[in-house]
1. Residues in the stretch 137-147 that are in contact (Cβ under 8 Å) with a residue 24 or more places away in the chain, open to solvent by 40 Å² or more (accessible area, probe 1.4 Å) and out of contact with any Lys or Arg (no Cβ under 7 Å at 6 or more places or on another chain): how many?
2. Only one residue in LEU221, LEU208, LEU217 is under 21 Å from ALA186 (Cβ atoms) and either not hydroxyl-bearing (Ser, Thr, Tyr) or not in a helix (DSSP H, G or I) (or both), so which one is that?
3. Residue pairs, Cβ under 6 Å, 6 or more apart or interchain, first in the stretch 172-187 and farther than 27 Å from PHE66 by Cβ and open to solvent by 80 Å² or more (accessible area, probe 1.4 Å), second polar (S, T, N, Q) and in a loop (DSSP other than H, G, I, E, B). List them.
4. Scanning the stretch 224-254 for residues that are part of a loop (DSSP other than H, G, I, E, B) and open to solvent by 40 Å² or more (accessible area, probe 1.4 Å), which turns out nearest to PHE77 (Cα to Cα)?
5. On the given criteria, is ILE226 of a type in the set (Val, Ile, Thr) and either modelled with pLDDT under 90 or touching a helix residue (DSSP H, G or I) at 6+ places or on another chain (Cβ under 6 Å) (or both)?
6. For the stretch 1-68, give me every one of the helices (runs of 4 or more DSSP H) that falls completely inside it and has 2 or more residues that are more than 26 Å from LEU116 (Cα to Cα) and either touching a residue at least 12 places away in the same chain (Cβ under 8 Å) or open to solvent by less than 30 Å² (accessible area, probe 1.4 Å) (or both).
7. If ALA127 satisfies every condition in (1) open to solvent by 50 Å² or more (accessible area, probe 1.4 Å); (2) more than 17 Å from the chain's Cα centre (by Cα) but one, which is the exception?
Amino acid sequence: VRYFVFDRLGADTAGMLQALIGVALTLAAVPNAVSTLYLAPLVNRRAVNDEKFAAANHFAEKILLFLTVGGVTVALFPELVLTVLFSPAFAPAAAGLVGFIVWQCLHQVTNVYAQLLIGLDEGAYYAVITCVGFACAAAVFPWFIGKFGLLGAGLALSFAMVVSLVGAVVRLHVRFGASIGRAVVARTVFCVAALNVAHFAFPTATELAPSGVLWRLTYLLAIGAILWTTLSREERQAAIRVIAIVSSRARTKQ
């Protein structure tokens, strides 16, 4: 992706590409860490396959909540995020940021089932679908980048994740009779849809205008409310505990 952007769009745009990748990877830092500490031991231990399938689906459901709220927040204020993390010179890249956020959201879901494959001794198949996915991305990079610029680079990477995820799901179904959880599918679709609405419905020109901020916060609250209705009883109790802890610490600091 760096080669194609540098070749087609120049060195300055390649620098902006790196900034977009950096923001997306920062958003994914928490899921990556939790995945290593929590999911990997569950799917690699000696246990019946059904327990591993349940652990993977359960984990994917949870990280999608974080990715949706965090991703939509960044997608609503792309210029502000790039300006704060880098400098105002990177603000023109804001239009392409949503593509990279979608990429990382899909990557995190794909990674869950990739780790499950490894835990089921399907490491070779995991390697194959990963290579096929990125080969597909490499094939569409020139056209996507030429047509959509930096956004196209993010879309091409997202395409790679879709190919790999489909490959993992097919293998799990055919080889083990397992399937991706309905809640995972629903939350993945909702996450991608919410990110696209945040990108297309809220122009960057109004990002810091009072009315623009108000509408963005209203949208973010609406997303949170919708997600709340999808939570299980246990998830709601856990969310309430987290809110209580954060509020308690905030009052203590004051």
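1. 0
2. Of the residues listed, the single one that is under 21 Å from ALA186 (Cβ atoms) and either not hydroxyl-bearing (Ser, Thr, Tyr) or not in a helix (DSSP H, G or I) (or both) is LEU221.
3. none
4. That would be GLN254.
5. Here the answer is no, as ILE226 does not meet what is asked.
6. By residue number, 2-9, 11-27.
7. Every condition holds for ALA127 apart from (1).
The values are calculated or read from the model by the stated rules, or taken from the named source; none is laboratory data. Fair warning: this is a prediction, and the values are worked out from it, not measured in the lab. When we count neighbours, we look across all protein chains shown, and the Cβ atoms used for this are built from the backbone with ideal geometry, even at glycine. Accessible surface is based on the protein model in full, side chains and every heavy atom, while ligands, DNA and RNA are left aside. Shrake-Rupley method; radii C 1.70, N 1.55, O 1.52, S 1.80 Å.
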